[in-house]
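To start, the structure under review is shown below, and the notes come after it.
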Amino acid sequence: MLFMRTARKVVQSDDGKTFGDRLRVLRKAQGLTQGELGQIVGVSTRAVCSYERNECDPPVHVLVGLGSALNVSLDDILGRSGGTSLKQEPAPRRWMRKIEQIQKLPEHKQKAIVQVLDMALKSAT
């Protein structure tokens with residue numbers, strides 16, 4: 001018996017983006033790698049990559065986890081709301097990771113970084 005793999009139909013929403021496109025944009029907006037998102041949701045890096053490439057659809061329980069991890073509604077992630085709107089969050093994850101990296105530095109280097117940030121903020125306002 002010969003099995004043939006048929007082409008998978010990829011559905012685009014009104015904005016012309018596929019689920020995978022939206023997932024990638026939302027993941028990057030949160031400053032997460034595919035591996036980090038997979039770890040949070042409980043799937044492999046390869047699974048996240050497959051979702052982003054529209055090779056397969058995530059099961060419902062993974063969809064719920066993706067929405068939670070990316071801080072968006074399921075309507076947003078599925079493209080049903082006319083556009084994505086990230087929920088308000090105290091600070092993006094990538095900022096928190098940078099802060100954690102800075103906290104591991106010696107105190108004199110932390111102070112130097114704070115001085116640079118202070119100068120940048122003053123010139124930006």
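The values are calculated or read from the model by the stated rules, or taken from the named source; none is laboratory data. Not measured: the values here are computed from a predicted model. Cβ placement follows ideal geometry from the backbone for every residue including glycine, while neighbour counts extend to all protein chains displayed. To get the accessible areas, we keep the full protein, side chains included, count just its heavy atoms, and leave off ligands, DNA and RNA. Shrake-Rupley method; radii C 1.70, N 1.55, O 1.52, S 1.80 Å.
Structure notes:
- When segment 25-34 is filtered for residues that are in a loop (DSSP other than H, G, I, E, B) and open to solvent by 20 Å² or more (accessible area, probe 1.4 Å), only 33 remains.
- Of the residues making up segment 35-79, those that are assigned to a helix (DSSP H, G or I) and open to solvent by 50 Å² or more (accessible area, probe 1.4 Å) number 12.
- So residue 42, is it touching a helix residue (DSSP H, G or I) at 6+ places or on another chain (Cβ under 8 Å) and either of a type outside the set (D, E, K, R) or modelled with pLDDT under 90 (or both): yes
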